[in-house]
Amino acid sequence: MIHQYKLNGCNIVLDTYSGAVHVVDDLAYDIIANYEDHAPEQIAAMVLEKYPDVPEQDVYETIGDVDQLKKNGQLFTEDTYKDLSFDLRKRKTYIKALCLNVAHTCNLSCEYCFASQGKYHGARAIMSYEVGKRAIDFLLENCGFHKNLDVDFFGGEPLMDWKVVKQLVAYARGKEKECGKTFRFTLTTNGMLLKDEVIDFLNKEMHNVVLSLDGRKEVHDRLRKTVNGKGSYDFIVPKFQDFVKKRGDKEYYVRGTFTHNNVDFTNDIFHMADLGFDRLSMEPVICDPKEPYALKQEDLPEIYRQYEILAKEMLKREEKGHGFIFYHYMLDLTEGPCIHKRISGCGSGTEYLAVTPWGELFPCHQFVGDESYSMGNIWDGITKPELQNEFKQVNCYSKPECQDCWAKLYCSGGCPANALHATGSLNGNFEFSCDIFRKRIECAIMIKVVESMRAMENDKQAVNK
Amino acid sequence: MKRIVSLNTMDLRESAKHGGHGECQTSCQSACKTSCGVANQKCAEPASR
């Protein structure tokens, strides 16, 4: 399967099953588009009519090049992963990551919060040290061969349980040597409780920190309010700037959510970049479609346009020496994830579980509060293996709609929670999300193409000197 | 090739033979939390592939 598209002056051809990416001129683009359905003579006749100035020999040479790429397994590669996907579904999985919902409460009252202002549709709660410690032990007991274990402090607002976070990090670090494991901690915060002591600790211990900011003051304050209804922008932005200044080159993301209210979300991303943040993420809001701020089908063309604006601006800023990273445009074409990872997906319900403040297990943070997805607890383990099995079965090969999608090995079938909430089935497809995802991958690859072409040009110039 | 430039990319079929260590970061542990994208994850053990 291939996917070809034109963007920002680039003609791009992706080969789905090998992962190869080609940049071609118009003639080669048309030859590739007709290659599978027409004989070489027919293709030659078609393109010679369209490009009368091109010598016939060039046309046949290019058809020969396409033949060669196909032989090399770089174009029109066959799908050889179906059996692997069955094996992955049957495999024994071990838990390698926990989302510790240490605080089912929050000091902000963001209207769009999927966790219902941190409460996950239940009562307010805080995780005790004893529960958290047992969760770490549960992870160590069930991680099998995994050496790297991920623990995410999440909420609500995890810093409302700051003392326990600190104690749990110390406890887990104390277990690393004895157990031969390494913990990678992440914490997501709204910034309200950031202070020097917290910043120093997070910068020392957290592999990644996610800072929630929606962008421009008026956009951020519209939905991210304190419990008294006041906007939080002025209070948190200086704290985030201070945090990032001290963060050095360690990983962090300033992460926003865009809604129907700010479909021009690139202005929010650029605003974040102008505030001095250089690792950014911006997610489309996930909410009940009846909400006034829910993204709508008619927003899609503008969303597409915004992603293109973003990609082009990032290339411009990069060239001027003040580029930034956008989470969804990060692609490592040479050392990215293996096919096993691309098929098995996010690992929710199998390798990744969420833990509530009282120790209940859910497939991931997005299922917390949905009792039909309660899987067990940290003392008794998984008590509903049939539920876990359902999650093991879900990937891009189990979803009928993914079969003909060129992007399936970039998303591995998408987010199971989104699929369930949009369609009622884990094996469904949240089409709106798929459309956005495909556009982002097109833009991300276009950036890679332009960067590669720039690097090739620089190499050429260096040789000529 | 005159009209086709191929970028330097990993061959996914090769990764089928040597991948699957499972030491990479869990997708949702980073910055999304509301969507799934595995392609932007980095392999934690590229040398062994």
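The values are calculated or read from the model by the stated rules, or taken from the named source; none is laboratory data. Keep in mind the model is a prediction, meaning the values are calculated, not measured. Cβ atoms come from the backbone with ideal geometry, glycine included; neighbour counts cover every protein chain shown. Ligands, DNA and RNA are excluded from the accessible area calculation, which covers all protein heavy atoms including side chains. Shrake-Rupley method; radii C 1.70, N 1.55, O 1.52, S 1.80 Å.
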Strictly over 29 Å apart at the Cα level, which of A:296/A:399; A:71/B:33; A:96/A:204 would you flag in this model? A:71/B:33
When only DSSP loop residues count, what chymotrypsin sites (Phe, Trp or Tyr not before Pro) in the stretch A:361-465 have their Cβ near at most 15 other Cβ atoms within 10 Å? A:379
What accessible area per residue comes out for chain A, rounded to a whole number of Å², with a 1.4 Å probe? 41
Subtracting the Cα-Cα distance of residue A:403 and residue A:459 from 0.36 nm times their residue separation yields 16.2 nm
Mind checking the stretch A:184-221 for trypsin sites (Lys or Arg not before Pro) that DSSP puts in a loop (not H, G, I, E or B) and that have at most 14 other Cβ atoms within 10 Å? A:195
Would you mind checking the tilt of helix A:431-464 against the longest principal axis of the Cα atoms of chain A, expressed as 0 to 90 degrees and rounded to 10? 60
Length released on extending from residue A:318 to residue A:193, taking residue separation times 0.36 nm less the Cα-Cα span: 41.7 nm
Residues meeting the amide H criterion for residue A:7 (H placed from the backbone, H to H distance under 5 Å, 5 or more places apart or on another chain) are A:12
Assuming 0.36 nm per residue, please report the length gained on full extension of the stretch residue A:166 to residue A:425 beyond their Cα-Cα distance. 89.4 nm
Considering every Cα-Cα pair within the stretch A:2-78, what fraction, in whole percent, is farther apart than 17 Å? 42
Summing -39500 (n - 2.57) over every DSSP H run of at least 4 in the protein assembly as shown, dividing by its residue total and rounding to the nearest 500, the 222 nm mean residue ellipticity is -12500 deg cm²/dmol
For residue A:104, what residues show an amide H to amide H distance below 5 Å, using hydrogens built from the backbone and excluding near sequence neighbours? A:125, A:126, A:127
Summed for both chains, how many Å² of accessible area, to the nearest 100, are buried between A and B with a 1.4 Å probe? 5400
Treating only the Cβ of Lys, Arg, Asp and Glu as charged (+1, +1, -1, -1), what charge dipole size does chain A show about its Cα centre? Round to the nearest 20 debye. 2220
In terms of modelled amide H atoms, which long-range or inter-chain residues lie less than 5 Å from the amide H of residue A:182? A:148, A:149
Run down the lysines and flag those whose C-alpha is under 18 Å from the C-alpha of residue A:384, throwing out any fewer than 8 positions away in its chain. A:90, A:92, A:392
Kindly work out what percent of the DSSP beta bridges joining two residues of the protein assembly as shown are antiparallel, to the nearest 5. 40
Mind listing the Cα extents of the protein assembly as shown along all three principal axes, in Å, largest one first? 75, 51, 49
Loop-only GluC sites (Glu not before Pro) in the stretch A:36-110, please: DSSP not H, G, I, E or B, and at most 15 other Cβ atoms within 10 Å. A:36, A:78
